[in-house]
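Bear in mind that the values in this text are calculations on the coordinates, not laboratory data. Not measured: the values here are computed from a predicted model. With ideal geometry, Cβ positions are generated from the backbone for all residues, glycine too; neighbour counts draw on all protein chains shown.
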Amino acid sequence: MSQRKRIPLLKVPQWLQSWGAGGWHPDDDLGEPPHHFYVGAMPLRILHALSGVRRRDVQARRQAHPQPGYQRAHDDRRSRDIARYIQYGYPLSSQSTLDPDEHRHLIHPGWLPGAILVNLIPEGVTRARGGKDLALLPKNAAHIDEVDGNAFLMLPDESDGKNPVPEDELAPFEVIDGQHRLYAIAEGFDPGDDYCVPVVFFDNLSPAWQAYLFWVINVEPKKINPSLAFDLYPELRSQQWLESGEAIRVYREHRAQELTEILWRHPKSPWRERIELFGKRVPGHVSNAAFIRTLTVSFVRPWGREAEIGGLFGAIDRHGKAYVLPWKRAQQAAFLIRIWEKVKEAVDCSEAEWVRACASAKTQSALQIEVEHHPAFAGEYSLLATDQGVRAISVVFNAICQSNYEALELDAWQSDEISETTDDATVTNSLGELDKLVAINTFLAKVSKALIDDFDWRTSSFPGLAPEKRDAQSVYRGSSGYSALQRKLMRVLCDAEDVEVAHAAKEAVSLLRWPMEEGGSR
């Protein structure tokens, strides 16, 4: 076997007796960690070919829905800088306008002495890619052999660095940290087999332990902010070892704030400039604090075995284990905007008596908002424009989308675009991607139609309500109104004419652990 096929490794024992006192949690993918790892050197181009890391234009990445292990999102500029650094060293790496042929005196070595961290996936082990579970095929598998005290990395037969593992197959290496050095390979040059990099290999390290390792390397030393880390490594959102610190709370509260701000400012958001950031009381508006609280108890909430239900943007229950839907901030924001778009469309198209009544009972404030929104959606007499209404819509959609999870194929929508901040253009791109997901859009529309057509959203202060109707609507006022409205809406959905909506609603009631008599009958 050629040297290229067998790479010598140094086995590095690293274990302390104090670690043995740790309480391992195999059910949470955090079983007893390995007592050692390996260090070796291999050609950068071969490492690239076996890692499933490719540089593609943004549109191609969207179409392919990559999820190459636990890796940072691709920063094109950073990869170009690294590629130029490898070729010409510093300072030419930071001066892209300088021609190396004309400035040969500035060419220096482009050393990369820092190790790339890699996990070795065993043959047959599966990973989720693009919403599908892919198993590592025998032809793509690599493994570590230990003979007479010596360790060797045995590479696949076809690993010459020129033919990467096909994109519809699982690659044997997962890059935990350092993938931008691999992206540099696709920047128009081949460094050959003489340009090697140091690599730290873990053998069959669970995704949860990979997330832990990424955290202690990049977040704890303050290299990146925690909110970004939770997008880069979605698994971190459900890690119990973070619960004792500030990080999980930072994610939930900060993420809720970020999403609320996007809803307030994005041009396509039905809540644009209708969320009061500074505590003003404006008819048809909801306070910033109320929106943040709503998201933290619905979409961004955690899941635990004792919790009633998790959040789509936090962690949810999948077959008795915590599961994290790896949507990024832009996707999460787009999903919230789409929900409210569908609710608004349902109001605009509805012939329900309460909707027509709102249209005829126009106050001065209603006339001011009617240019953009129907008074039944955003008027001062609509529960949809109250704290209770926002909470109810969020809780109901969070629950019913979980109960209909497989049918909606939520995992199929994946993106590798991540940034420190999420601008409106990125959210708009995510909305465009969401447009193509027919199952999700159809279901959100059907749920919205049932909620609007089959429930009277008028507040108890609506002019001219009959006394008995006013009493009925007054149940949704005050602190007790939050729960009352949520449960009433779920009963409405359980009785919906649409079979899919009714079935999903009944399953959602079970997830919420509400008595069935409060959520409709099976």
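May I ask you to derive the FRET efficiency for Arg318 and Arg77 from their Cβ-Cβ distance with R0 = 35 Å, giving the value to the nearest 0.05?
0.45
Could you give the length gained on full extension between His108 and Asp133, defined as 0.36 nm per residue of separation minus the Cα-Cα distance, in nm?
This chain segment gains 4.6 nm when fully extended.
Kindly state, to the nearest 0.05, the FRET efficiency for Gln14 paired with Asp498, given R0 = 45 Å and r defined as their beta-carbon distance.
Given R0 = 45 Å and the Cβ-Cβ separation, E is 0.20.
If amide hydrogens are placed 1.01 Å from N in the peptide plane, which non-local residues have theirs closer than 5 Å to the one on Leu9?
Counting only residues 5 or more places away or on other chains, the set is Ala151, Phe152, Leu153.
Near the amide H of Ser287, under 5 Å away, which other amide H atoms are found, from residues 5 or more places off or on another chain, if H is placed in the peptide plane?
Glu276
So, with +1 on the Cβ of K and R and -1 on the Cβ of D and E, and no other charges, what is the size of the charge dipole of segment 247-518 about its Cα centre, to the nearest 20 debye?
Computed about the Cα centre, the dipole is about 780 debye.
Write out the GluC sites (Glu not before Pro) in segment 420-498 meeting two conditions: DSSP loop, and at most 11 other Cβ atoms within 10 Å of their Cβ.
Hits after loop and neighbour filter: Glu420, Glu497.
With a 10 Å radius around each residue's Cβ, average the other Cβ atoms per peptide and rank 108-120, 5-17, highest first.
Result, highest mean first: 108-120, 5-17.
What is the list of residues in segment 139-157 whose amide nitrogen lies under 13 Å from a point 7 angstrom out from the Cα of Val125, following Cα to Cβ?
Flagged as within label range: 141-144.
Please report the spacing between the Cα centers of segment 457-494 and segment 111-133 in Å, no decimals.
That distance is 52 Å.
Taking a 31 Å limit on the Cα-Cα distance, which of the listed pairs Lys139/Lys436; Lys344/Lys506; Lys280/Lys321; Lys280/Lys446; Lys5/Lys321 fall beyond it?
Correct reply: Lys139/Lys436; Lys280/Lys321; Lys280/Lys446; Lys5/Lys321.
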